[in-house]
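The values are calculated or read from the model by the stated rules, or taken from the named source; none is laboratory data. Worth saying up front: this structure is predicted, and the values here are computed from it rather than measured. Neighbour counts run over all protein chains shown; Cβ positions are idealised from the backbone, glycine included.
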Amino acid sequence: MSKQPILEINNLHAGVENKKILKGFSLTIHAGEVHALMGLNGSGKSTLAAILAGRDGYDVTEGSVKYFGKDLLELDPEERAREGVFLAFQYPVEIPGVNSTYFLKAALNEIRKHKGQSELDAIEFLALVKDKIKVLELNEDLLKRSVNEGFSGGEKKRAEIFQMAVLEPKLAILDETDSGLDIDALKTVSSGVNKLKRPDSAQLVITHYQRLLNYIIPDFVHVMADGRIVKSGGKELALELEANGYDGILKQL
Ligand code: ADP
Ligand code: MG
């Protein structure tokens, strides 16, 4: 029985102004799968994430992106979010004094309305949030913080995993932060990804750190170079990367 993919990217070419960044990127993701997208800095990973989220400023010149069979690129970012695409921090950044859970509640209720479910009131939302915090073994202080205000790289990642747990996306895209993650943050992110794995949703975890894959067990690993996937495999590809580095893999091609 063949099932419809959640995401089907076919021969995507895209860039900014006159710079080509993605050069024939193809990837298919089915429900229940965790994919790791790896590659050296500058290979185009974050550009791909930005295009999937619908961020402004990128031109797609060729290829297609289907989400549950529909053209994802035709949807505006808010529609994508409502339809269950999650890219961390597509919600407002750095708004001092505004509690981050305010946005999360609004985002969740948008998604619930879209699904025909009732909106959660403040008390119901708080109960949900506390439950997720417990499951993820996070600190409740997270709830008191303003949106991204003064978050460290590790804290941003924790907040991101928390947002993902609350919103229960169909497709979660986790891009690495620019700043390095300490080992605790790495473990929180990884265990979050592992705990939030569901048969009806998928995760695309983007990183250039091989060590992230010591904690997350992806179903598929893809190595990206110069705007496209140059090698795909199972989790053993991550081990090969660890042993031989990107050079080792790219040399074989
Ligand atoms: P990665 O996330 O794999 O490190 P990026 O997608 O951030 O890679 O960047 C890929 C390439 O595109 C890099 O050479 C980067 O400098 C360039 N690039 C990305 N975004 C822009 C932009 N907005 N304007 C100009 N160049 C960009
Ligand atoms: Mg990046």
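I'm checking my understanding of the structure. Among residues of region 30-44 that are more than 13 Å from Val223 (Cβ to Cβ) and within 15 Å of ligand 2 (Cβ to nearest atom), which one is surrounded by the most Cβ atoms within 10 Å (Cβ to Cβ)? Break it down into steps so the answer makes sense when it comes.
First pass over region 30-44, keeping only residues more than 13 Å from Val223 (Cβ to Cβ): 30-34, 41-42.
Still in the list and also within 15 Å of ligand 2 (Cβ to nearest atom): 41-42.
On the way: Asn41: 9, Gly42: 13.
Restricting to residues being more than 13 Å from Val223 (Cβ to Cβ) and within 15 Å of ligand 2 (Cβ to nearest atom), the top hit is Gly42.
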**Prompt:** Give me the pairs: first residue in region 24-42 and among the acidic types (Asp, Glu), second residue away from ligand 2 (no atom under 14 Å from the Cβ), beta-carbon distance under 6 Å, and six or more apart or on different chains, which are they?
**Reply:** Glu33/Ala202; Glu33/Asp219
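Rundown of residues vs (1) within 13 Å of ligand 2 (Cβ to nearest atom); (2) among the β-branched types (Val, Ile, Thr); (3) at pLDDT below 95, yes/no style:
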site	(1), (2), (3)
Glu8	no, no, no
Thr28	no, yes, no
Ser46	yes, no, yes
Ala50	yes, no, yes
**Scan of region 159-208 for residues that are in contact (Cβ under 8 Å) with a residue 24 or more places away in the chain, under 29 Å from Tyr246 (Cβ atoms) and over 13 Å from the mean Cα position of the chain (by Cα), ordered by number** = Asp178, Ser179, Gly180, Leu181, Asp182, Asp184, Ala185, Leu186, Lys187, Thr188, Ser191, His208
**Request:** Collect the residues in region 211-237 that are more than 12 Å from Met38 (Cα to Cα) and crowded, with 21+ Cβ neighbours inside 10 Å, keeping them in residue-number order.
**Result:** Ile216
**Item:** Identity of the residue in region 199-209, buried (at least 18 other Cβ atoms within 10 Å of the Cβ) and closer than 16 Å to Asn41 by Cβ, that ends up farthest from ligand 2 (Cβ to nearest atom)
**Value:** Thr207
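When you check Asp76 against the structure, is it within 18 Å of the chain's Cα centre (by Cα), more than 27 Å from Val193 (Cα to Cα) and surrounded by fewer than 18 Cβ atoms within 10 Å (Cβ to Cβ), yes or no? Explain how you work it out, then say what you get.
Numbers: within 18 Å of the chain's Cα centre (by Cα): yes; more than 27 Å from Val193 (Cα to Cα): no; surrounded by fewer than 18 Cβ atoms within 10 Å (Cβ to Cβ): yes.
Answer is no for this residue.
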**Item:** Considering residues of region 209-230 that are under 15 Å from Glu240 (Cβ atoms) and of a type outside the set (A, V, I, L, M, F, W, C) only, the residue modelled with the highest pLDDT
**Value:** His222
